[in-house]
1. If you take the square roots of the eigenvalues of the alpha-carbon gyration tensor of segment 182-234 and sort them as a ≥ b ≥ c, do you get rounded (a/c under 1.5), prolate (a/b over b/c) or oblate?
2. To the nearest 20 debye, what is the magnitude of the charge dipole of the chain about its Cα centre, counting +1 on the Cβ of each Lys and Arg and -1 on the Cβ of each Asp and Glu?
3. Would you work out if segment 23-147 is rounded, prolate or oblate? Take a ≥ b ≥ c from the square roots of the eigenvalues of the alpha-carbon gyration tensor; rounded if a/c is under 1.5, else prolate when a/b is larger than b/c, oblate otherwise.
4. Accessible area per residue for the chain in Å², computed with a 1.4 Å probe and the full protein assembly in place, what is it?
5. With each run of n ≥ 4 DSSP H residues scored as -39500 (n - 2.57), what mean residue ellipticity at 222 nm is computed for the chain after dividing by its residue count and rounding to the nearest 500 deg cm²/dmol?
6. Pick out, from 257, 273, 89, the residue whose Cα sits farthest towards the positive end of the charge dipole of the chain, with +1 on the Cβ of Lys and Arg and -1 on the Cβ of Asp and Glu.
7. In segment 177-247, which GluC sites (Glu not before Pro) fall in coil by DSSP and have 10 or fewer other Cβ atoms within 10 Å?
8. Which value, in debye to the nearest 20, describes the size of the charge dipole of segment 108-205 about its Cα centre when Lys and Arg Cβ atoms bear +1, Asp and Glu Cβ atoms bear -1, and nothing else is charged?
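The values are calculated or read from the model by the stated rules, or taken from the named source; none is laboratory data. Keep in mind that what you see is a predicted model, and the values were worked out from it rather than measured. Using ideal geometry, Cβ is built from the backbone for each residue, glycine included, and neighbour counts are taken over all protein chains shown. Ligands, DNA and RNA are excluded from the accessible area calculation, which covers all protein heavy atoms including side chains. Shrake-Rupley method; radii C 1.70, N 1.55, O 1.52, S 1.80 Å.
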Amino acid sequence: MGERWDVVVVGSVNADLVVGVDRRPAPGETVLGSDLAVHPGGKGANQAVAAARLGGRTGIVGRIGDDGHGALLRDALAAAGVELAHLAVTPGVPTGVALITVGPDGDNSIIVSPGANARLGPDDVAAARTMIAGAAVVSFQLEVPLPAVEAAARAAADAGGRVVLNLSPPAPVPDGLLALCDPLVVNEHEAAFLLEGGGDPRDMAAALAGAGPRSVVVTLGADGAVVADGDGTAAIPSPETGAVDTTGAGDAFTAALCLRIARGDALRDAARYAARAGAAAVRGRGAQSSFPAPDELPDELSDELPDELPDGPPGG
C-alpha cells in the first residue's frame, strides 16, 4: 500500500498581481489604483494550501516557470506543508499570473495568463499516478488543459478516489468527465453557463444534478450554497463576516469541502464546514494569506437559508 493523502489537487499555480481600485475602469478609461501587491495564488495552489492549512495531508500536480514567481509559489506551497514532488518546472516559460483588481466592496475581477500551467498534460498525470491513486479526494479546476484533467479524473476514479471538479473558469466538458464528479462545484455564473440560463439556485442545482454529475454544489458567496444529491436539494448558510477581499474565498470553500469529504463527512455536512472556511477567507487580503486554520473558523449557523433565494444570473 502506497502513501495515503486526504486531497491531491491537479491544477494551476499562479502569482496573483493585485491592485485595489475605487472603481473599475470603463472601456478606454484609465483609473489610478493602489500599489501592486504580489501574492501566491492559482486555483490549484490555493486549494492545496487551504486544505493543508485546515490540517489535510495534501499534494499538488502542476507546473511553474523557472522564474521569480515560480520560486515564490514553491516556497509558499512548501511552507503550508503541501507535497511538491509533482510540481514540475517548465524551462523558458513564465509562471502563470492572475491580474486582479479589487474594488472597495472587496469584490474582484480576474484575468489569468496561464504560462506554465498550459503545459500541464497527461504525461504529468502519469508521473503522478501513485500519488493520485493514494488520494481519498482528487480536486480539479479548469485553469489547466482539459486533457490533463480528464486523465487525472480517470486515474482517480479507477483507484477508487472521489473526483471533485470546480468548473472555473467555465468551459464545456465531456459528459464522461461530468459523470465522475461527486460533486461538481460551480458558482451561479458557472451553473448558468452549463445550463445556458440562470434562475433559482435550487432549480439550477437540481438541473445540473440531472445532467450527469453524481452530486452538485452551487456556491452563492455570502448567501451560502445549495447542495443537490440523491436526497434532493438543501440550502447551506454562510456565517456573516465583513468582506475585505473575496479573492480565494471560493477556493477555500472547495478545499474545505474536499477535506471533509476525504475525512468521511456526508456532502451536506462537508458543505456546512466549507461555508465557514469560505466566510473566514474574505476577512483578509490576498488568497493564501487569508486561508484559515481550524481554530480560525467562524461558528457554524444552525439555520438554513430562507425559502426565498435570490435568482441566479440572467439567462444567455
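1. oblate
2. It works out to roughly 1020 debye.
3. Prolate.
4. 41 Å²
5. The per-residue figure over the chain is -9000 deg cm²/dmol.
6. 89
7. Passing both the DSSP loop test and the Cβ count: 196, 240.
8. With only Lys, Arg, Asp and Glu charged at Cβ, the dipole is about 340 debye.
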